Each structure stands twice: as C-alpha cells, then as structure tokens.
1. Here are some residues: Ile29, Ile108. Which one is without any contact (Cβ under 8 Å) to a residue 12 or more places away in the chain, over 28 Å from Thr201 (Cα atoms) and assigned by TED's automatic domain parsing to the domain that holds Asp144?
2. May I ask you to say which residue of Arg156, Arg177 is modelled with pLDDT of 95 or more and more than 22 Å from Gly97 (Cα to Cα)?
3. Pairs under 8 Å by beta carbon, first residue of a type outside the set (D, E, K, R) in region 168-184, partner surrounded by fewer than 15 Cβ atoms within 10 Å (Cβ to Cβ), six or more apart or different chains?
4. Can you list the helices (runs of 4 or more DSSP H) lying wholly within region 1-67 that have 3 or more residues being modelled with pLDDT of 85 or more and either surrounded by 10 or more Cβ atoms within 10 Å (Cβ to Cβ) or in contact with a helix residue (DSSP H, G or I) (Cβ under 8 Å, 6 or more places away or on another chain) (or both)?
5. In region 148-167, how many are within 24 Å of the chain's Cα centre (by Cα) and buried (at least 18 other Cβ atoms within 10 Å of the Cβ)?
6. Given the condition of a type in the set (Gly, Ala, Ser), closer than 19 Å to Val192 by Cβ and surrounded by 11 or more Cβ atoms within 10 Å (Cβ to Cβ), answer yes or no: does some residue in region 114-136 qualify?
7. Within region 113-144, count every residue that is on the phi > 0 side of the Ramachandran plot and touching a helix residue (DSSP H, G or I) at 6+ places or on another chain (Cβ under 8 Å).
8. Has region 120-139 got at least one residue that is touching a residue at least 60 places away in the same chain (Cβ under 8 Å), touching a Phe, Trp or Tyr at 6+ places or on another chain (Cβ under 7 Å) and closer than 14 Å to Phe78 by Cα?
Amino acid sequence: MQSPAPQTTRESTLSHLLPAVLFTIVSVIGLGIVYPVVIWLIGIAIFPYQANGSLIKDGDKIVGSVLVGQTFKKPQYFHGHPSAAGKDGYDPTNTGGTNLGPTSKKLIDSVAAAVVALKKDNPDATGPIPSELVTSSASGIDPDITPEGAYYQIPRVAKARGVSPDAVRAIVDAHVRGRTFGILGEPRVNVVELNRALDATKGG
C-alpha cells in the first residue's frame, strides 16, 4: 500500500488548520473585544453608577467606593473588619485575607489580641463580641459588617460625638440592608456609608 503523496498530506493539514485559525481569530475578536465592549456600553447606559465602580464623591472629588472598605481608627467612627489587604489594610490592589487555618497559633494569638484591643476601645459595649470586629474578611476590603457589629460600637461612637446612643442607633437602623432578594446573604451595614451619614448629621 502506497503512503499518501506529500502534497496531499499538506493540503489535508491546511484544510484542518485554516478553520481552527479562523475560529480562534473570530473567538478572540468576538468574545475578547466585541462582547466586553457591548456589555460595558449596556452597563453604562442602564447602570452608570455601578458600571463606574459605585464611587463616592464629595463634589468632583472621588473619596472612595461603597464596594471597598476603608480604615477608620478614630473613636467617633464605626470600625469595620480588621484588614490583611496590603500593608495598611483595605488595599484594593492587594486583596486577600490572612489565609491562616483555624488551628493556626498565629491566627489564635491575633484574634486574642484583637479582642483585648476591642474591649479596651469599647469599655461600655455589652453583649458578645461580633466575630467580624476581630477577624479579617476573605477579600480584606469588605465594606460591610453585621448590624450586631455596628450596635456593639454605638456606646463608643455616641460618647465620642457627644450625642445620645439612641440618635446613633437610629442612623444605624436606617443603614441596615436586608438580604438580597430577601433570601441571599445576611443583613449588613456598609461602614463607609454609615460613617458618612454620621458626619452629615447635625453636630457630626
């Protein structure tokens, strides 16, 4: 039996290679360029705020995003998760948690130290310590805490601002978001938005 002629073999290879190359080019252009641009344009048209990063502005100045937490250390502000994202925390270009396991001595010691510091900063707080106030989130930039995490800090914030705890609690209550669609996630409070609301109130 004679082997195929070289010319025939090359033609067969090209007949299979050409469609594969064309398919790759069309896929790259269609799925890598056209599709993202179309989705972006639709997002800009229908959801301009979200498509541009849910940015927070003071006038024309961008001061943050409701999707990214910020470090708050002063007693008159609510504090969010401890953050392991970047050197100073809440670095959106270096997201991530501590990646330490639940039996890690380093993690246990870190949480114990955070509990001591939290109690020192909140001497008038009552009830169990919310876990998110002594542990970092998986992303390191989570802007939300539980309502319990906010309520725990009310005595400190109210005292530092010279207002009644009930007045601060009313602002917290107004910023509690329920589960998405009523079933997804847990009730939460955006710390960045909450602190901005506090500053915007009379005497803030």
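The values are calculated or read from the model by the stated rules, or taken from the named source; none is laboratory data. Computed from a prediction, not measured in an experiment: that's the story for all the values here. Every residue, glycine among them, receives a Cβ derived from its backbone with ideal geometry; neighbour counts consider all protein chains shown.
1. Numbers: Ile29 fails: assigned by TED's automatic domain parsing to the domain that holds Asp144.
Selected residue: Ile108, the only one of Ile29, Ile108 that is without any contact (Cβ under 8 Å) to a residue 12 or more places away in the chain, over 28 Å from Thr201 (Cα atoms) and assigned by TED's automatic domain parsing to the domain that holds Asp144.
2. Arg156
3. Filtered contacts from region 168-184: Ile171/Thr201; Val176/Pro187; Gly178/Pro187.
4. Working: elements: 6-29, 35-46, 48-51.
Qualifying helices (runs of 4 or more DSSP H): 6-29, 35-46.
5. If we filter region 148-167 for residues that are within 24 Å of the chain's Cα centre (by Cα), which is where we start, we get 148-154, 157.
Going one step further and asking which of them are buried (at least 18 other Cβ atoms within 10 Å of the Cβ), we end up with 149-154, 157.
Here the count works out to 7.
6. First, the residues of region 114-136 that are of a type in the set (Gly, Ala, Ser): 114, 117, 125, 127, 131, 136.
Of the ones still in play, those that are also closer than 19 Å to Val192 by Cβ are 136.
From the residues that got through so far, the ones that are surrounded by 11 or more Cβ atoms within 10 Å (Cβ to Cβ) too are 136.
Within region 114-136 (the criterion being of a type in the set (Gly, Ala, Ser), closer than 19 Å to Val192 by Cβ and surrounded by 11 or more Cβ atoms within 10 Å (Cβ to Cβ)), the answer is yes, since at least one residue qualifies.
7. Here is the first cut: in region 113-144, the residues on the phi > 0 side of the Ramachandran plot are 127, 140.
If we keep only those that are touching a helix residue (DSSP H, G or I) at 6+ places or on another chain (Cβ under 8 Å) too, we end up with 127.
So the answer is 1.
8. Checked against the condition, which is being touching a residue at least 60 places away in the same chain (Cβ under 8 Å), touching a Phe, Trp or Tyr at 6+ places or on another chain (Cβ under 7 Å) and closer than 14 Å to Phe78 by Cα, region 120-139 yields no hits at all.
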